[in-house]
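Every number here is computed from the coordinates shown, using simple stated rules; none is lab data. Owing to the predicted nature of the structure, the values given are computational and were not obtained by experimental measurement. Note that we place each Cβ from the backbone using ideal geometry, even for glycine, and neighbour counts take in every protein chain shown.
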Amino acid sequence: CGLFNSIFCQVKQRSKWSIYPVSSWEVSPVHHKIEAGNKAFAHKLFKTLLMEHPRKNIIFSPLSISASFAMLSLGTRSTTLTNLLEGLGFDLKVIKVWDVHHGFQSVIQMLKQLNRAGHLMHRDMLFIDSNRKINSP
């Protein structure tokens, strides 16, 4: 098993396909902090899942999970906000809460641009156990 947490795109150039990492694009320092937090979260989650299920295949999207929790954190404050963001791997002494939210917004906008251009297909899905009761607002 392995963990791969980079985004790659394909671009057709004169009948040949070129594959290049998105990280080669110009990105702001906030993107680097988001990337660092997301990598820390991905490795911690992967390690935890691997320990719990050592003989199973593990497939997950760390960016989708962390972006979802970052969105959830918009409706929180105080200890809950701190716990959520620190749980996602962000050191709030190094990155401001606003920078986390702004950084995820920028990353999602970049993914949408790549999606519109046909270079990347990005979808988020949530699977819920049919035996669980889900409360609606």
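Please compute P(r) over all alpha-carbon pairs of the range 19-119, binned at 5 Å starting from zero, and give each bin as a whole-number percent.
2, 12, 21, 22, 18, 13, 9, 3, 0
Using the number of other C-beta atoms within 10 angstrom as an exposure proxy, rank LYS33, LYS47 with the fewest first.
Arranged by neighbour count, lowest to highest, LYS33, LYS47 become LYS47, LYS33.
In what sequence do HIS102, HIS53 fall when counting other Cβ within 10 Å, fewest first?
Listed from fewest to most nearby Cβ atoms, that is HIS53, HIS102.
Please work out how many pairs of lysine residues in the range 29-116 are eight or more positions apart (or on different chains) and have Cα atoms closer than 26 angstrom.
Going through the range 29-116 pair by pair, I get 16.
Please report, for the Cα atoms of the range 64-110, the Rg to one decimal and the Dmax as a whole number; what are they, in angstrom?
Calculated on Cα positions, Rg and Dmax stand at 9.8, 30 Å.
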